[in-house]
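Some notes on the structure that comes next.
Where a number appears in this text, it was derived from the coordinates with a stated rule and is not lab data. Because the structure is a prediction, the values reported are computed rather than measured. In this analysis, Cβ positions are derived from the backbone assuming ideal geometry, glycine residues included, and neighbour counts consider all displayed protein chains.
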Amino acid sequence: MNQILGGNKMKGFVLAVLVCCFSWTAWSQVKIDPSLAGFVRGETGHAYVKVLVLMEYIPMEATPTIYNRQEVVDYLKYQSRGAWSYINNHLGDNEPTVNNHLQPLYLFWLNQSFSANSTPEGIQILARTPGIKKIYADHSIEYQDPIAGRWAQPNFPGLENDLPYNFKAIGLDRLMAELPEVNGQGVLMGSIDTGVDATHPDLQGKVPLFFDSQNGQVTEPFDMQFHGTHTIGTMIGTRETGIGIAPNAQLIAAGGLQWEGQVRAMEWMLNPDGNDQTMNDMPRVVNNSWNSRAAPDQEFHYRAISAWEAAGILPVFSAGNSGRSGPRSITPPKEHPATLAVGNLQQDGTINESSSIGPAVFEGNDIQKPEISAPGTDIKSTMPGNQYGELTGTSMAAPHVSAVAALVFQVAPNLTPADVKSLLIRTVTPHNQIGALDGVGNWNPKYGYGKLNAYNAVRSALEMARSGNLTMSFNAVLPRQMQIGPRLSSQEVLEMATPRLHQVLNMPKRFEGRTWLTLDQIYSM
């Protein structure tokens, strides 16, 4: 089993005492992914399958400080260590049988889970083991494939009029003219995507670490496709070619094709160099253009996103390219309140019809996603092999928001993820000015609160930094909300976006998906 890094810094942690206090889920209530039902009944012909097991949350009175990465990571590691020790003790009671049917692989402290290769009998053993909550299949991760694309030549803008439309659309042209030193210098970003061709001239020297999540190791960068190279180019490519918004930022990249690889990548983002003592290796913002809709619910990823935000990472996600399906087409897990979901604007400022439409649903309530829209149609950026291409999709829109967040972090590094999310929302160009019919400040299920405005965001952050006003009230800056039936208030959104750490891994019962199966149900089908 993969070892958890870090020493014991939680005073008073006594596993035996805590175990006596746990209220573990009865085995008959352990939730099993319906896609595993045929395998459990022996109908697939496969001897083994990989599963991801979500462990029960361990209540602890000591909680870390929000946005203190080291305290948060230590806290999550101790929770997982205690949960696994309890489960492992029970598995050890029947060791010969377990060894024949269950091979634990990796323990993930990020969301208190572990992976394992299992026979059908192994899943039965897991379902009867105290301390286990849910058993997922190792689902595929879906990347938001562009809806259109073509090869292109780079721009070499000299005069302001030569800048690409997406630069002008977000006010970057004005920012470059007035504050050319605001370029992402000193900010570390992250990307979870298909990888990156870091040898591209626009990207050379800007990707210090790359994590091959399928093999669980840092390697030379590579792109399994082209998607990651394109999104990363929008973030950190050069401005001289009309590509990059934060060209002096550094970026660490990872990717995963399956859930196991994805949680490895997400966990790696919290401690890229593997050294618990270094504090400057965690990215401030991570760009994501993937979804995980194959599973019966999203608690597996919700836990990871909550941990990210609690440690100090702003999670930016593409909203999805399912807009033609109509409302509530935001793809999971970006409905999580801590994420910043981004819609796709066309060159004329109107929303692309493929851009996913809100609201999203979180814990049974409508929640306003997307929050913001940005240029995502015919975006020119880097492609593997020293090439350039124009692609269209919300995947092309999200990097604009991530890169502007990096610019904000450069001028006001003490801002928190919740601060920056709120700031970006507050400084949008209202969508009534870009083709929508709603009034100023209203949320719109297609546009969010409005269009990304890099100039307004950076200027506002500079004013806050100079005045020392670095703690913002979410209620004070969030635009007026549109009535859309059951909804979350801005205060409720803030509370979930900055969760109390003892609640990070403790999802409420009402969150449970309706399509889960128990072992008894599988055999009675």
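Its Cα centre serving as origin, region 171-503 has a Cβ charge dipole (Lys and Arg +1, Asp and Glu -1) of approximately 780 debye.
How large is Rg over Rh for region 171-503, taking Rg from the Cα atoms and Rh as the Kirkwood inverse mean of 1/r across Cα pairs? Each step should come with its number before you reach the end.
Details: Rg = 18.0 Å, Rh = 19.4 Å.
That ratio equals 0.93.
Considering only DSSP beta bridges where both residues belong to region 171-503, give the percentage that are antiparallel (nearest 5).
Numbers: 15 of 40 bridges.
Antiparallel bridges: around 40 percent, rounded to the nearest 5.
Simple spin-label estimate for residue 432 and residue 41 gives 5.8 nm between the two label positions (7 Å along the Cα-to-Cβ direction from each Cα). Full extension of the chain between residue 177 and residue 215 gives 9.2 nm of extra length, using 0.36 nm per residue less the Cα-Cα distance. I want the local charge near residue 200. Using Cβ-Cβ distances under 10 Å, sum +1 for each Lys or Arg and -1 for each Asp or Glu among the other residues. Net of charged neighbours comes to -2. Charging the Cβ of each Asp and Glu at -1 and of each Lys and Arg at +1, and nothing else, the dipole of region 15-138 about its Cα centre rounds to 160 debye.
Listed from fewest to most Cβ neighbours within 10 Å, the set 451, 334 follows the order 451, 334.
The residues packed around residue 88, meaning those with a beta-carbon under 13 Å from its beta-carbon, carry a net charge of -1 if Lys and Arg are +1 and Asp and Glu are -1. Measuring max minus min along each principal axis, the C-alpha atoms of region 211-308 give extents of 45, 35, 25 Å (largest first).
Students often get this wrong, so check it: of 134/446; 206/446; 168/369; 133/334; 31/77; 50/133, which have C-alpha atoms separated by over 28 Å? Over 28 Å Cα-Cα: 134/446; 206/446.
Cβ crowding within 10 Å, taken as a proxy for footprinting-reagent exposure, orders 73, 49 from fewest neighbours to most as 49, 73. Measuring max minus min along each principal axis, the C-alpha atoms of region 15-138 give extents of 49, 28, 23 Å (largest first). Reported to the nearest whole Å, the Cα centre-to-centre distance from region 36-70 to region 86-115 is 10. Which distance in Å, rounded to a whole number, links the C-alpha centroids of region 346-416 and region 208-267? Comparing the Cα centres of region 346-416 and region 208-267, I get a distance of 16 Å.
Model label sites at residue 224 and residue 278, defined 7 Å from Cα along the beta-carbon direction, differ in position by 2.5 nm.
What full-extension length gain, to one decimal in nm, is calculated for residue 199 and residue 29 as 0.36 nm per residue of separation minus the Cα-Cα distance? All intermediate terms of the calculation are to be shown ahead of the outcome.
Working: separation 170, 0.36 × 170 = 61.20 nm, distance 5.07 nm.
The residue 199-residue 29 span can extend by a further 56.1 nm.
Compute the signed sum of charges (Lys and Arg +1, Asp and Glu -1) over the other residues within less than 11 Å, Cβ to Cβ, of residue 353. Write out the running numbers ahead of the final one.
On the way: positive: 324, 446; negative: none.
Here the charged neighbours net out to +2.
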